[in-house]
Amino acid sequence: MIAETSVGPAQLIQPLFVVAGRGVEQPIASLPGVARLSVDRAVEQGKRLIDAGIPAVLLFGEATAKDATGSSAWAEGGVVQEACRSLRESVPGLILITDVCLCAYIDHGHCGVVAGRTIDNDATVPLLARIAVSHAQAGAHIVAPSDMMDGRVGAIRRALDDACSTTTAIMSYAVKYASAFYGPFREAQSSSPHHGDRTAYQMDPANRREALREARLDVEEGADFIMVKPALPSLDVISAVRAAVDVPIVAYQVSGEYAMLKAAAAHGWLNEQAALREMLLAIRRAGADLIITYGALQAL
Ligand code: PBG
């Protein structure tokens, strides 16, 4: 009766890794309980999520062939596009959020086009817009750019509007730290950079004022949701961003946070269920409206 915070299914978003084929379910070693799924299996999982009251999924795909511009990311027959069409048809009511980035599709694994030894921000932005439009046309309700290029939210908004996808919303990974906690995800997606790291475009974990600036800029450019990640290492930032902008705040409990919990639980060092609930509650208490977590079904 006097609890100030709660976590329920309506606040949770489940990430899904979609791959080509049929009947495919490939467990991901560093993310126990999570598997790469072919579209038919993703549809089955979508039904389980809706039945559990979880309203939304965040879709990640894989490249058919990696090249210098990541062109398979916007292919009409790409696996994310196919998943959007199938889920729209077979799981009505499920909200489809798609990750928009180049790293899993580009040959060197960075989130943008590489020119010499730097990332070419402005050459990357139109490619991201192209991916977003292809997702929207396949049925995505919300596109979620995770690349951290400057100016991409505005460019995606204009591209969506020009393509008559005026109702597609944008969930911006606005505050994304260059974090050590993305390791298991990069293994799952084979999206590690082949050279260098992501510190030129992702944020320095030392900075909080910069997080507010990033969040405000993205809202001005048209973001409908602001995301902060990783979640547990950023509780103060979630709280500050919540106070600074009026759109819904989404926290991403990332792969490394989940893997840490699973590893400790496997040793019997933590009560897994209780620790997961406590982490999710803390993220909500900090001010997150929604939480993306690999443990969405499990938390219930
Ligand atoms: C792609 C992307 C990443 C994550 C979400 N989208 C990896 C990265 O930036 O290296 C991380 C998610 C997780 O660790 O669970 N840019």
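Quick look at the values:
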{"read-out": "Reach of K262 by Cα under 24 Å, taken over lysines that are not fewer than 8 positions away in the same chain", "value": "K176, K229"}
{"read-out": "Nearby lysines by direct alpha-carbon distance to K66 (threshold 21 angstrom, same-chain neighbours under 8 apart not counted)", "value": "none"}
{"read-out": "Cβ-placed point charges (K, R +1; D, E -1), dipole of region 2-80 about Cα centre in debye, nearest 20", "value": "140"}
{"read-out": "DSSP-assigned coil residues among GluC sites (Glu not before Pro) in region 19-83, each with at most 11 further Cβ atoms within 10 Å", "value": "E76"}
{"read-out": "Rg/Rh ratio calculated on Cα atoms of region 10-127 (Kirkwood radius)", "value": "1.02"}
{"read-out": "Dipole magnitude of the chain about its Cα centre (Cβ charges: Lys, Arg +1; Asp, Glu -1), debye to nearest 20", "value": "380"}
{"read-out": "Surface accessible to a 1.4 Å probe, per residue, for the residues of the chain, Å²", "value": "42"}
{"read-out": "Charge dipole (region 133-220, unit charges on Cβ, about Cα centre) - positive-most of M171, P184, A215", "value": "A215"}
{"read-out": "With eigenvalues of the C-alpha gyration tensor scaled by 5 and rooted, region 164-300, Å", "value": "25, 19, 15"}
{"read-out": "The chain - convex hull of the alpha-carbon atoms, volume per residue in Å³", "value": "129"}
{"read-out": "Accessible area of region 1-120 belonging to carbon and sulfur atoms, whole % at 1.4 Å probe", "value": "51"}
{"read-out": "Sulfur and carbon atoms: percent of accessible area, region 213-270 [1.4 Å]", "value": "56"}
{"read-out": "Region 106-118 - phi-based ³J(HN,Hα) in whole Hz, Karplus 6.51/-1.76/1.60, Gly and Pro as x", "value": "9, 5, 9, x, 7, 8, x, 6, 9, 10, x, 10, 10"}
{"read-out": "Per-selection Kirkwood Rh - region 60-157 (Cα, Å, 1 d.p.)", "value": "13.4"}
{"read-out": "Where only C-alpha atoms are counted, convex hull volume of region 1-69 per residue in Å³", "value": "142"}
{"read-out": "Projected-area average for region 44-112 over all orientations - Cα convex hull basis, square nanometres", "value": "4.7"}
{"read-out": "Rule-of-thumb Rg ratio for region 82-238 [Cα; 2.2 N^0.38 Å; N residues]", "value": "1.03"}
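The values are calculated or read from the model by the stated rules, or taken from the named source; none is laboratory data. Values in this document were obtained by computation on a predicted structure and should not be read as measured data. Cβ sites come from the backbone with ideal geometry, for glycine too, and all protein chains shown count toward neighbours. Please note that ligands, DNA and RNA were not included when accessible areas were found on the heavy atoms of the full protein model with its side chains. Shrake-Rupley method; radii C 1.70, N 1.55, O 1.52, S 1.80 Å.
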